[in-house]
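Data block below; observations after.
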Amino acid sequence: MTTQATEQHDLDAVVVEAQHALRVIVPDLAPRVSVRVLAAPDGDRCVGVDTHRLDPQAAATVQRIVSYVKQCRRERASGISRGPAPEEPTGRA
């Protein structure tokens, strides 16, 4: 796979993950936004979200979710670990 193809695959994966996160976290807003790969002003490509149909508070929520997905994806790609997941409470003393 070429570098450009790998980059496109990574961007596509972020789009899919962000769309899924939105459907799970804010299912009422997800159908009203569009997550896609956009051309950045510097000629590069990035994942962006179109929130023009949302009120400012809902748009900010969607932006935070998409930003978090992008951050997590970058951390996984670079091998950064957030540490072990917390133990699930068992309810036993």
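I'd like the residue in segment 21-37 that is of a type outside the set (Asp, Glu) and loosely packed, with under 13 Cβ neighbours inside 10 Å and, out of all such residues, is farthest from Val69 (Cα to Cα). Filtering segment 21-37 for residues that are of a type outside the set (Asp, Glu) and loosely packed, with under 13 Cβ neighbours inside 10 Å, the one farthest from Val69 (Cα to Cα) comes out as Pro31. All conditions in (1) loosely packed, with under 13 Cβ neighbours inside 10 Å; (2) in contact (Cβ under 8 Å) with a residue 12 or more places away in the chain; (3) within 21 Å of Glu75 (Cα to Cα) hold for Val16, with the sole exception of (2). Among residues of segment 54-66 that are small (Gly, Ala, Ser), those with a beta-carbon under 6 Å from a residue that is surrounded by 16 or more Cβ atoms within 10 Å (Cβ to Cβ) and not in a helix (DSSP H, G or I) at least six positions away or on a different chain give the pairs Ala58/Leu29; Ala59/Thr51. I'd like to check something: does segment 64-71 contain any residue that is under 19 Å from Glu7 (Cβ atoms), among the basic types (Lys, Arg) and part of a helix (DSSP H, G or I)? Checked against the condition, which is being under 19 Å from Glu7 (Cβ atoms), among the basic types (Lys, Arg) and part of a helix (DSSP H, G or I), segment 64-71 yields at least one hit.
Quick note: the coordinates plus some simple rules give every number you see, no bench work behind them. Computed from a prediction, not measured in an experiment: that's the story for all the values here. So basically every Cβ, Gly included, is an ideal-geometry build from the backbone, and we count neighbours across all protein chains shown.
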